[in-house]
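Written out below as structure tokens is the structure these notes cover.
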Amino acid sequence: EMTDITEISKMPDLFDKISKSIAPSIMGHEDIKKAIAAQLFGGARKHLPDGMRIRGDINVLLLGDPSLGKSQFLKYAKEVAPVCVYTSGKGSSAAGLTASVIRDPSSGGFNLEGGALVLADGGIVCIDEFDKMREEDRIAIHEAMEQQTISIAKAGITTILNSRTSVLAAANPIFGRYDDMKSPVENIDFQMTILSRFDLIFVLRDTIRAEHDQNLAKHIISVHQGKAADARAMANVIDAERLKTYIAYSRAHCDPRLSESAVKMLKEEYVAIRSTIRKRRNAKKEEKDWTPEAIPITVRQLEAIVRLSEALARLELQPVANEEHVRRAIRLFKVSTFQAATLGYMEGKKGSGSFHQEVMKVEKQLQARVAIGTQKSVKAILGEFVHRQEYREDTVRRAVQNMVQRGEFIYQQRQHQVKRLK
């Protein structure tokens, strides 16, 4: 086994070879495969002299249209990760993800049962349908994703559980698939607080490209015919069992740190990325309805690049992350999170400040004006609030959407009309 691990570590272009071994039956998406490869190895966990811990685990979010293979990536990660728990956001509660207190029927006492994030300590949690989770359940995993602990204070039990795990999540846009008529912020249903905890965020779009569609159709048909295992292609793939063993060994025996030259390069690149975002924000100040917002690239994203660099060094069993590792990590960051921030996805759902207050005002007025069991067109609602009361359109649409999610409204006639249910 040790000979096999040494043999893998000495392979030329190892990073490319391992990334191609991630879900090899899925065509394309090379950058996502590289991100998942880095996530499987993870960065170095650090314990500071003051007792603080800095996580080394990498969190990845795949956000995009359906039928692009997001769930397949999660399933494959489950196969090759040494420790992994797979769950669906639709059927997951806060207690199921973190921990719950269960009464023992025989003794009458209380027992503490760990959820998915506790059971996957030292591995990966794959959460499919992440957008289908309730907001309060998503908030429950904030501590687990950043601090990597879960604090419990229930039924007289007060304790802290470890959840040193990576999160690989897949989600669809708020309307099922991306709506080009709406802004990026209107297409997603996540708060900035949860988005900032993901090191890499990939936005996947199902665009129409004739040549790509032709190649994809050919590939899928080949898979169904059992011809996908092309001898030349499979020769460059490391099988799942070997990869699983290699990942387990590297995580246990390799703890890389950044070199001095890599630190200097990383510092300069972080300042440059922040400057680019700031220039874009300054350009938007000229717009009529501009409102000041925080820059979405923070120190968390700098730490994300550090973790990625260390993961790429660990992947090669290298004790030091050099400039080449940092360069690859920055490229991965730029094609994912930085691109998402540039397009406006990292602004997240507005959940605080004046916007949130305005949304709540509109919701209260809708509850008072639309009786239970009655219907009203979305156009009429917009006309009433936007033209007569001078609310912003995105404020009114967000209020309607919030009420739909809570089950107070239901869309009818292709979302042109709403009906009050409760």
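For residue 277, are the conditions met, namely being on the phi < 0 side of the Ramachandran plot, at pLDDT 70 or above, aliphatic (A, V, I, L, M) and not assigned by TED's automatic domain parsing to the domain that holds residue 123?
yes
Please enumerate the residues belonging to the range 361-393 that are touching a residue at least 12 places away in the same chain (Cβ under 8 Å), among the aliphatic types (A, V, I, L, M) and loosely packed, with under 11 Cβ neighbours inside 10 Å.
Correct list: 371, 372.
Can you tell me how many residues in the range 97-108 are in a loop (DSSP other than H, G, I, E, B) and either within 28 Å of the chain's Cα centre (by Cα) or in contact (Cβ under 8 Å) with a residue 24 or more places away in the chain (or both)?
The total comes to 1.
Can you tell me which residue within the range 10-36, out of those that are among the polar types (S, T, N, Q) and modelled with pLDDT of 85 or more, is farthest from residue 76 (Cα to Cα)?
Filtering the range 10-36 for residues that are among the polar types (S, T, N, Q) and modelled with pLDDT of 85 or more, the one farthest from residue 76 (Cα to Cα) comes out as 19.
Can we say residue 313 is within 18 Å of the chain's Cα centre (by Cα), buried (at least 22 other Cβ atoms within 10 Å of the Cβ) and in a helix (DSSP H, G or I)?
no
Select from the range 189-224 the residues that are within 21 Å of residue 62 (Cβ to Cβ), β-branched (Val, Ile, Thr) and assigned to a helix (DSSP H, G or I) and write down the one among them that is modelled with the highest pLDDT.
Going through the qualifying residues, I end up with 194.
When the residues of the range 56-82 are filtered to those that are under 14 Å from residue 172 (Cα atoms) and touching a Pro at 6+ places or on another chain (Cβ under 9 Å), which remaining residue is modelled with the lowest pLDDT?
Within the range 56-82, the match that is modelled with the lowest pLDDT is 65.
Would a scan of the range 142-164 turn up a residue that is within 18 Å of the chain's Cα centre (by Cα) and among the hydroxyl-bearing types (Ser, Thr, Tyr)?
Taking every residue of the range 142-164 in turn, at least one turns out to be within 18 Å of the chain's Cα centre (by Cα) and among the hydroxyl-bearing types (Ser, Thr, Tyr).
I'm trying to understand the selection: among the residues of the range 225-270, which are exposed (fewer than 11 other Cβ atoms within 10 Å of the Cβ) and modelled with pLDDT of 75 or more?
241, 252, 253, 260, 268
Considering each of 37, 94 in turn, give the residue that is on the phi < 0 side of the Ramachandran plot, touching a helix residue (DSSP H, G or I) at 6+ places or on another chain (Cβ under 7 Å), in contact (Cβ under 8 Å) with a residue 60 or more places away in the chain and of a type in the set (Gly, Ala, Ser).
Testing whether each residue is on the phi < 0 side of the Ramachandran plot, touching a helix residue (DSSP H, G or I) at 6+ places or on another chain (Cβ under 7 Å), in contact (Cβ under 8 Å) with a residue 60 or more places away in the chain and of a type in the set (Gly, Ala, Ser) leaves just 37.
Scan the range 29-48 for residues that are surrounded by fewer than 24 Cβ atoms within 10 Å (Cβ to Cβ) and aliphatic (A, V, I, L, M) and jot them down.
44, 48
The values are calculated or read from the model by the stated rules, or taken from the named source; none is laboratory data. Keep in mind the model is a prediction, meaning the values are calculated, not measured. No Cβ is skipped: glycine too gets one built from the backbone with ideal geometry, and neighbour counts run over all protein chains shown.
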